[in-house]
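Peer 1: Have a look at this one.
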Amino acid sequence: MVVGDRGWGRWISGARVGGKGGGWGYGGGFLWGFWGNAAQLGILASILLVVVCWFIKDRVRMEGLNGKHIFITGCDSGFGNALAKHLDKRGFCVLAACLTEEGSRELLGCTSLALKTVILDLTDSGSIEHAVEFVKAETEGVGLYGLVNNAGRSTPMAPTDWMLIEDFHTILDVNLMGMIEITLKLLPLLKKAKGRVVNVASVLGRLAFLGGGYCVSKWGVEAFSDSLRRDLQYFGVKVSIIEPGFFRTGVTSLEVIERDLLRLWNQLNPEVREAYGNKYYVEYLRAQRLSMKRLCDSDISKVTKCMEHALTAKYPRSRYGAGWDAKFFWLPLSYAPTFLSDLMLRMLFPTPQASRKPVSRFPIDV
């Protein structure tokens, strides 16, 4: 048999016998390129399939939730207040815990008769016990479908060496210990209903950069929630964590934060106050005002939608980053090398007067 095109003959021969006359460079390269491209397309298709399946799964909702009992703490204002009103309109039996009688009256005045309130102070075990008995009476025979641990406070918040141990207790007793206590006491009701626990943490539970008990408490909420989720999965109870960024609520009220900051400044011993200097205090206030004005989002529905999804989705997420700043700045920064996150956060606040030598911009430790 005669092959008219010698190049074509070499291509066939090289492809079959391993490269005679350089044919492998053409035939083998073609085959390798074909299979390589096919593998890449297969990987991309697999990734796309996983993403599509995740989106579909994320949108599946539970049925028959009308009339289910949801207990929400911290309903005087902010996220808890907005969530209570929304779930009440959706037909849930909302049990709203408020810190004050005024907050309770305001909420009852703008919701249906199905919503009921109870006064709850998370620093008082007696108040917690009273709220638990209230929930037991309201959910008798059916159990508690949802617990939303939303109550919390942000102050005192300042450099760590401005604090006394009592300042840490002020936050930890509400944000962490009180939350744990009421959760433990409601677990039998949650197990009975195979319900949901939604714990409100913060992006500052992933990236701590403010002194005081707030970041400590939110890291504790994260750890407690992870442990709880893994322990309760065997009983059909699902646990989700909400990690909001900065939102305009009572927790981020500049009036409250600055009043408490002045209290801390005035209680400092002369040595510490001199080390920081009056200029530091003024610049710290200015930086705080600027960051709050720029960062705080007024649309708190970004948070309540995450809470609602955690309560109503068939497959709730373990974590919800709420807010654009949380999704695209704080949470990504929490995964960055330590020296980089330290550098970024150092740029937000002033330097103490006693810091004669500037801190190295690029420390070795990562």
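Throughout, read-outs are computed from the coordinates displayed, never taken from laboratory work. Because the structure is predicted, anything quoted here is derived from the model rather than measured. Counting neighbours? That spans all protein chains shown, and the Cβs are built from the backbone with ideal geometry, glycine included.
Peer 1: Using 20 Å as the Cα-Cα cut-off, could you pick out the over-long pairs in LYS192/LYS218; LYS68/LYS192; LYS85/LYS194?
Peer 2: Too far apart for the 20 Å limit: LYS192/LYS218; LYS85/LYS194.
Peer 1: Please list, in chain and number order, the residues 5+ apart from VAL118 or on another chain whose amide H is under 5 Å from its amide H, with Hs placed from the backbone.
Peer 2: Placed amide hydrogens put ALA96, ALA97, CYS98 under 5 Å from VAL118.
Peer 1: Another question about this same structure. Within 10 Å of each residue's Cβ, count the other Cβ atoms and sort GLU271, GLU222 from fewest upward.
Peer 2: Ranked by crowding around the Cβ, least crowded first: GLU271, GLU222.
Peer 1: Here is a follow-up. Before rounding to the nearest 500, sum -39500 (n - 2.57) across all DSSP H runs of length at least 4 in the chain and divide by the residue total; then give [θ] at 222 nm in deg cm²/dmol. Please list the in-between numbers first.
Peer 2: Numbers: 14 runs with 189 residues, N = 366.
When only DSSP H runs of four or more count, the value is -16500 deg cm²/dmol.
Peer 1: Ok, one more. Per residue of region 71-85, what does 6.51 cos²θ - 1.76 cosθ + 1.60 with θ = phi - 60° give for ³J(HN,Hα)? Whole Hz please, x for Gly and Pro, Karplus curve as stated.
Peer 2: Rounded to whole hertz, the list is 9, 10, 9, x, 9, 5, 7, x, 4, x, 4, 5, 5, 4, 5.
Peer 1: From the backbone phi of region 315-328, what are the Karplus-calculated ³J(HN,Hα) couplings (6.51 cos²θ - 1.76 cosθ + 1.60, θ = phi - 60°) in whole Hz, Gly and Pro given as x?
Peer 2: Result, rounded to whole Hz: 10, x, 6, 6, 9, 10, x, 10, x, 5, 5, 5, 5, 10.
Peer 1: Lys and Arg at +1, Asp and Glu at -1: add these up for the other residues within a Cβ distance under 10 Å of VAL200 and post the number.
Peer 2: Spelling it out: positives minus negatives among the neighbours equals 0.
Peer 1: If we count other beta carbons within 10 Å of each Cβ, what is the order of SER341, SER318, fewest first?
Peer 2: Taking fewest neighbouring Cβ atoms as first place, the list is SER318, SER341.
Peer 1: Give me the Å³ per residue figure for the convex hull around the C-alpha atoms of the chain.
Peer 2: Dividing the Cα hull volume of the chain by its residue count gives 229 Å³.
Peer 1: Under the definition of Cα pairs under 8 Å and six or more residues apart, what whole-number percent is the relative contact order of region 69-346?
Peer 2: 18 percent
Peer 1: Right, something else. For region 178-192, take each phi angle, set θ = phi - 60°, evaluate the Karplus expression 6.51 cos²θ - 1.76 cosθ + 1.60, and give the result in whole Hz per residue in order, putting x for glycine and proline.
Peer 2: Once rounded to whole Hz, the list reads x, 4, 4, 4, 6, 5, 4, 6, 9, 4, x, 5, 5, 5, 4.
Peer 1: Fewest to most neighbouring Cβ within 10 Å: what's the order for CYS296, CYS53, CYS215?
Peer 2: Starting with the residue having the fewest Cβ neighbours, the order is CYS53, CYS296, CYS215.
Peer 1: If you add up the charges near SER217, with Lys and Arg at +1 and Asp and Glu at -1, over every other residue whose beta carbon is less than 14 angstrom from its beta carbon, what do you get? Let's see the in-between values first.
Peer 2: Values: positive: ARG153, ARG206, LYS218; negative: ASP167, ASP173, GLU181, GLU222, GLU243.
Computed value for this residue: -2.
Peer 1: Below 16 Å, Cα to Cα, which aspartates and glutamates can LYS279 reach? Residues fewer than 8 away in the same chain don't count.
Peer 2: Excluding near neighbours in sequence, the set is GLU258, GLU271.
Peer 1: Can you grab the distance from the C-alpha centre of region 220-298 to the C-alpha centre of region 136-173, Å, no decimals?
Peer 2: 13 Å
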